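What follows is a single structure, written as structure tokens, with notes after it.
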Amino acid sequence: MGLFQEFSESTSMHGLQRAVSSESKWKRPLWAALVLTGACLATFNLSQTLKDFLHNPTTTQTKVYYNPKMEFPVVTLCNLNPFPVTNLVAEMDFMTMSNFWEANNFKLEDVMESIVQFQKSQNVPITFKLGDLVTDCQFDMVPCRADDFLTVFNYKYGDCFVFNKQIKEDSNQEYMHSSEAAGFKVVVHSQDTIAFPENQGFMVMPGASTSVGLKRTEMSRAPPPYSTCIELEDEYNIDLNVFSFTDGTRYTGEACRKTCYIREVVSQCGCCDLYFVCPPEVYNVYVVNETIPYCNATNIDDFFCKKRVLEAFEKGELDCLSRCLPPCDEVVYDVALSTALWPSDSSIYFDMESNDGSDIAISEFEEFKSHARDNFLRVAIFYEDLTVQRVESRPSYDWNRLLSDIGGQLGLWLGFSILTAAEWLELAYDAGIRAATRKAQGAHTTKVHVQEEGK
């Protein structure tokens, strides 16, 4: 008790000093009660503070800044009806294929898959070419060239074409009835990501001029454990993004989900989906030969096995959504669409008059107008302004704030500081030394008594 008495009289915790050494009979229990109450309140508040810290809260901050040199995004263009009938009739044995489709109860989407596989496996160009679709294109007031477009294959839309602002031509007479809609699917995305038009983008229709206003948003999520995002230092993480191996594209949630589906096809069917990449390095985890065959749509086992996996994927039964978290950093483009009738009657009449130079019959005008509005469309893609919105989430409770709150609570209720903690450590050290000394003295006294009795 003497050591604690000495400590309480010299400690910087003034309440404890008064509770122990006050000479007044009623002040001593009062101060003791205040010290105990302060200790209880400090303990309660510290437990709430620690609970808040362990919940890993974040704060979201939005900034808008001006960027006059903002990079224009990639625009991926896909025809909703990819197959001209004349090409199919010229290249495929329709009678044989029709009998096969009918014998196996193929639905329309199954027939389209079989046609797309025929194109890719036989390397036969049966989809529309760029020249069939684009009649005029300008980018930054400069005419586009065919070399400016990259052709990419999509399992639903066939050949898609990638670049920026385009004016496009349709030809409904050449469409096979693979879609209930006529027009194009357009996806606006970053340079280092891959487009998935079957799940992304917007549609534009013939007979309309569509203006697409873009706003760039940069998103930065706090890394784990503060949020459920994926922070990839190595962009070529093949386990989560198979497209990074062949296309050099950055991780996205959609690329991860497609990778999940591709792996399940290989795992369950023993073959690669013809519509996606199939590098051997990716699939060695399944102990499959390095030359993995592609699934064949004319092989009933392959076809329906892959179809079962696809249906399970679309229903969310493959658990791909939970595996594929959003990236911690990504760029998205907000799109604002406006449409108008195009071409107008006056512009059609002016074009016909300029080309013909003679009087135009009403029937001829109506026929040309119907053809133009059924088979042409125009799209203008532009930034609405050169401002960028940056949305950033940060940890709102870090170690600095935790220590500040702990010091604030202890200081408020107990007058406790880091120096006070050092005093308590000194008390513990002195108490330990004193206990060890007493133990040693007790052992020495016992030894002396034993020796005297022995004499």
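Has the range 438-453 got any residue that is farther than 24 Å from Lys51 by Cβ and modelled with pLDDT of 80 or more?
Start the filter on the range 438-453 by keeping residues that are farther than 24 Å from Lys51 by Cβ, which leaves 438-453.
Then drop every residue that is not modelled with pLDDT of 80 or more, which leaves none.
No, because not a single residue in the range 438-453 is farther than 24 Å from Lys51 by Cβ and modelled with pLDDT of 80 or more.
Name the pairs whose Cβ atoms lie under 8 Å apart, with the first residue in the range 204-231 and without any contact (Cβ under 8 Å) to a residue 12 or more places away in the chain and assigned by TED's automatic domain parsing to the domain that holds Trp342, the second assigned to a loop (DSSP other than H, G, I, E, B) and charged (D, E, K, R), and 6 or more positions between them or separate chains?
Pro224/Glu231
Tell me whether the range 251-272 contains one or more residues that are modelled with pLDDT under 70 and either surrounded by 13 or more Cβ atoms within 10 Å (Cβ to Cβ) or over 23 Å from Thr151 (Cβ atoms) (or both).
Within the range 251-272, the first condition is being modelled with pLDDT under 70, and the residues that meet it are none.
So far as the range 251-272 goes, no, none of its residues is modelled with pLDDT under 70 and either surrounded by 13 or more Cβ atoms within 10 Å (Cβ to Cβ) or over 23 Å from Thr151 (Cβ atoms) (or both).
Only one of these is under 25 Å from Ala32 (Cβ atoms) and among the β-branched types (Val, Ile, Thr): Ile406, Ile381. Name it.
Working: Ile381 fails: under 25 Å from Ala32 (Cβ atoms).
None of the others qualify; the one that does is Ile406.
Taking into account only those residues within the range 34-62 that are aliphatic (A, V, I, L, M) and surrounded by 12 or more Cβ atoms within 10 Å (Cβ to Cβ), which is farthest from Gln17 (Cα to Cα)?
Looking only at the range 34-62, we keep the residues that are aliphatic (A, V, I, L, M), and these are 34-36, 39, 41-42, 46, 50, 54.
Remaining after also requiring surrounded by 12 or more Cβ atoms within 10 Å (Cβ to Cβ): 34-36, 39, 41-42, 46, 50.
Values: Leu34: 12, Val35: 10, Leu36: 13, Ala39: 15, Leu41: 19, Ala42: 18, Leu46: 23, Leu50: 29 Å.
Taking the candidates together, the pick is Leu50.
Looking at the range 284-318, which of the residues that are in a loop (DSSP other than H, G, I, E, B) and at pLDDT 85 or above is surrounded by the most Cβ atoms within 10 Å (Cβ to Cβ)? If you could, list the steps in order and put the result at the bottom.
Taking the range 284-318 first, the residues in a loop (DSSP other than H, G, I, E, B) are 287-293, 295-299, 315-318.
In the following step, the residues that additionally are at pLDDT 85 or above were identified as 315-318.
Numbers: Lys315: 8, Gly316: 11, Glu317: 11, Leu318: 19.
Top of the filtered list is Leu318.
Quickly run through the range 408-426 and pick out the residues that are more than 25 Å from Leu50 (Cα to Cα) and in contact with a Ser or Thr (Cβ under 8 Å, 6 or more places away or on another chain). I'd like the intermediate steps shown before the answer.
Step one: filter the range 408-426 for residues more than 25 Å from Leu50 (Cα to Cα), giving 426.
Passing the criteria: none in range.
What are the residues in the range 62-82 that are under 18 Å from Gly131 (Cβ atoms) and either without any contact (Cβ under 8 Å) to a residue 60 or more places away in the chain or in contact with a Leu (Cβ under 7 Å, 6 or more places away or on another chain) (or both), if any?
Correct list: Asn79 only.
Where the second residue is polar (S, T, N, Q) and surrounded by 11 or more Cβ atoms within 10 Å (Cβ to Cβ) and the first is farther than 26 Å from Asn56 by Cβ and lies in the range 398-416, which pairs have Cβ atoms under 7 Å and are six or more apart or on separate chains?
What qualifies is Gly415/Ser12.
Conditions first: (1) of a type in the set (Phe, Trp, Tyr); (2) part of a helix (DSSP H, G or I); (3) modelled with pLDDT of 85 or more. Phe245 passes all but one, so which condition is the exception?
Unmet condition: (3).
Are there strands (runs of 3 or more DSSP E) fully within the range 155-232 with at least 3 residues that are more than 14 Å from the chain's Cα centre (by Cα) and either modelled with pLDDT under 85 or closer than 16 Å to Asn81 by Cα (or both)? List them. Walk me through it before giving the result.
Working: elements: 158-163, 167-169, 184-189, 202-204, 208-220.
Because the criterion is at least 3 residues that are more than 14 Å from the chain's Cα centre (by Cα) and either modelled with pLDDT under 85 or closer than 16 Å to Asn81 by Cα (or both), the strands (runs of 3 or more DSSP E) in the range 155-232 that meet it are 158-163, 167-169, 184-189, 202-204.
Identify, from the list Leu36, Leu77, the residue that is at pLDDT 85 or above and part of a helix (DSSP H, G or I). Even if it seems obvious, please write down each step before you answer.
On the way: Leu77 fails: part of a helix (DSSP H, G or I).
It is Leu36.
Mind listing just one residue for me: the one in the range 63-83 that is surrounded by 10 or more Cβ atoms within 10 Å (Cβ to Cβ) and aromatic (Phe, Trp, Tyr) and, of those, nearest to Met219 (Cα to Cα)?
Tyr65
The values are calculated or read from the model by the stated rules, or taken from the named source; none is laboratory data. Not measured: the values here are computed from a predicted model. Note: ideal-geometry Cβ built from the backbone for every residue, glycine included; neighbour counts use all protein chains shown.
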